[in-house]
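The values are calculated or read from the model by the stated rules, or taken from the named source; none is laboratory data. Predicted model, so just to flag it, every value in this text is computed and none were measured. Counting neighbours? That spans all protein chains shown, and the Cβs are built from the backbone with ideal geometry, glycine included.
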């Protein structure tokens, strides 16, 4: 059987992935300077970080569809729109795979919703919807992995096609460093209905992670990425350690071929650990070494 071609990372299909990635990294770094509801201490390990996909990796199902459910309850969408979101959610749950047509349709509906609305309104509504729907859909196992990276003194970022404002809410509520998400253009705090670049999907995620690494001084070889989707291979191959979480069939096959660690929280069976030491153990060791080096410099 012919192995499917890996998603491209060079942005050869246009300038959108680099533009979207740079915009996402800029928004993420700017958020670090703002007051957070759950401020984190400075990381002890300054050159390593963990990057988590959101949909079906950190959150059970599609985060954008969950937010859409909350918006529908507030009459932001028509009944016909709700049926479309339910269909997309059902297909995602059954196949475990993202579909480019569904992503494009979700983008169109999301932009039509936010055009003319304020960024403050989206954030306020997002906070409410997180408490009502998203909080109960966090995978405990993935949350524990993120916390172990935090305990090792590393930054932990969400990386998702979900709008940045909503992704940032999830990251903040989980006590993570921040989020890389799709950036919707706004002028004077009001959404224009356009995106900066394109949605943060596929190659766009890899560009965002690379741009953030440059801004934060991260060593990508010491970083770890987690995802459920073969579409995120560009991000997974960008870092030193890749971990497949609740993987789709294509990603599971690739992970086995490359010796990547696999964790599946959808079943009662223990996750298979294939060929490589735990990324978390490596991260903890790196954090300890960084702390020792820091103490030596202080003496």
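Against the definition (under 24 Å from residue 23 (Cβ atoms), without any contact (Cβ under 8 Å) to a residue 40 or more places away in the chain and more than 16 Å from the chain's Cα centre (by Cα)), how does residue 185 come out, yes or no? Give the steps one after another, and end with the answer.
Details: under 24 Å from residue 23 (Cβ atoms): yes; without any contact (Cβ under 8 Å) to a residue 40 or more places away in the chain: yes; more than 16 Å from the chain's Cα centre (by Cα): yes.
Here the answer is yes, as residue 185 does meet what is asked.
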- Sole exception among (1) modelled with pLDDT of 90 or more; (2) closer than 28 Å to residue 153 by Cβ; (3) within 21 Å of the chain's Cα centre (by Cα) for residue 259, by number: (3)
- Members of segment 29-51 that are in contact with a helix residue (DSSP H, G or I) (Cβ under 6 Å, 6 or more places away or on another chain) and at pLDDT 80 or above: 29, 44, 45, 47, 48, 50, 51
- Task: All but one of (1) in a helix (DSSP H, G or I); (2) at pLDDT below 95 hold for residue 192, so report the exception by its number.
- Result: (1)
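Do we find that residue 212 is crowded, with 24+ Cβ neighbours inside 10 Å, more than 24 Å from residue 264 (Cα to Cα), touching a strand residue (DSSP E or B) at 6+ places or on another chain (Cβ under 9 Å) and in contact (Cβ under 8 Å) with a residue 60 or more places away in the chain in this structure?
On the way: crowded, with 24+ Cβ neighbours inside 10 Å: yes; more than 24 Å from residue 264 (Cα to Cα): yes; touching a strand residue (DSSP E or B) at 6+ places or on another chain (Cβ under 9 Å): yes; in contact (Cβ under 8 Å) with a residue 60 or more places away in the chain: yes.
Yes.
Residue by residue through segment 175-189, note down the ones that are out of contact with any strand residue (DSSP E or B) (no Cβ under 8 Å at 6 or more places or on another chain) and part of a loop (DSSP other than H, G, I, E, B). Explain how you work it out, then say what you get.
First, the residues of segment 175-189 that are out of contact with any strand residue (DSSP E or B) (no Cβ under 8 Å at 6 or more places or on another chain): 175, 187-188.
Hits for segment 175-189 are 175, 188.
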- Query: Identify, please: which residue in segment 115-151 is in contact with a strand residue (DSSP E or B) (Cβ under 9 Å, 6 or more places away or on another chain) and outside any helix (DSSP H, G or I) and is, among those, surrounded by the fewest Cβ atoms within 10 Å (Cβ to Cβ)?
  - Reply: 116
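Which residue out of 215, 210 is more than 15 Å from residue 252 (Cα to Cα), in a helix (DSSP H, G or I) and out of contact with any helix residue (DSSP H, G or I) (no Cβ under 6 Å at 6 or more places or on another chain)? Reasoning before the result, please.
On the way: 215 fails: out of contact with any helix residue (DSSP H, G or I) (no Cβ under 6 Å at 6 or more places or on another chain).
210 is the lone residue from the list that is more than 15 Å from residue 252 (Cα to Cα), in a helix (DSSP H, G or I) and out of contact with any helix residue (DSSP H, G or I) (no Cβ under 6 Å at 6 or more places or on another chain).
Among 64, 71, which is assigned to a helix (DSSP H, G or I), crowded, with 19+ Cβ neighbours inside 10 Å, in contact with a strand residue (DSSP E or B) (Cβ under 6 Å, 6 or more places away or on another chain) and at pLDDT 80 or above?
Working: 71 fails: in contact with a strand residue (DSSP E or B) (Cβ under 6 Å, 6 or more places away or on another chain).
On inspection, the qualifying residue turns out to be 64.
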